[in-house]
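What follows is a set of notes on a single structure, which appears directly below.
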Amino acid sequence: MVLKTGRQGLAARAGHDLTVEITRWSAQVQVPGDDAGGITAATVKADFDLGSLEVREGTGGAKPLSDRDRAEIKKQMSSILGTGTASFASTKIVRFGSSGGAVEGTFTLNGQSEPVRLQVSEPQPGRYRGSATVIQSGLGIKPYTGFFGALKLKDEVGVEFELTLSATDSA
């Protein structure tokens, strides 16, 4: 699971577009066993450990992203987001054709919630890729600014994931 940020403002060239990995997260998908509605009757719940955010890549910028930069960014993320958990709970699943669809639901962070729509594809049976956009201000977060406001993080944060589902008995 990765987050992708972008930059804007007069000093945008000085900053980096970041790829941040959430290294600890879990998700549960429950599909009703009676086949009442199939996959569209399923529910999805996920929890994300905000203390596990790791800066994996920084593109653009006036200079390459250093280890010191990564540590400073991690510190900033922790002060803005905290180190607790965030969550997602589905409210609706829509299937498009045989290998794609959307999962609509609510993303919650620090007591603030925002509706989110995950676009999902199934490139192989049981293997899923998805993406969504989360708006920071919708969660009560003021996007990061630097250089006296000349460098700004875009309000939109891309979320991307890839996972393989395995069946378990819930008897």
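Rule-based calculations on the coordinates, nothing more; no lab input. The model shown is predicted, which means the values in this text are computed figures rather than measured ones. Quick reminder, even Gly has a Cβ in these numbers, built from the backbone with ideal geometry, and neighbours come from all protein chains shown.
Quick look at the values:
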read-out	value
Cα centroid separation, the range 84-159 to the range 8-34 (Å)	8 Å
Estimated FRET transfer efficiency when R0 is 35 angstrom, pair ARG127-LYS74 (beta carbons, to 0.05)	0.70
FRET efficiency, LEU163 to ALA62 (Cβ-Cβ, R0 45 Å, nearest 0.05)	0.80
Förster radius 45 Å - calculated FRET efficiency between GLN8 and LYS92, Cβ distance, rounded to 0.05	0.90
Label-zone membership for the range 81-103, site THR40, 7 angstrom Cα→C-beta point, backbone N under 18 Å	90-103
Mean shadow area of the range 1-122 over all directions, Cα convex hull, nm²	9.4 nm²
Nearest-ten-degree value, helix 67-81 long axis tilted from longest Cα axis of the chain	60 degrees
Sum of -39500 (n - 2.57) over DSSP H runs of 4+, divided by residues of the chain (222 nm, nearest 500)	-3000 deg cm²/dmol
Full-extension gain in nm, GLU54 to ALA102, via 0.36 nm per residue minus C-alpha separation	14.6 nm
Value of relative contact order over the chain, rounded to a whole percent, pairs C-alpha under 8 Å and six or more apart	23 percent
Net charge contributed by nearby residues that have their C-beta within less than 13 Å of LEU65 (K/R +1, D/E -1)	0
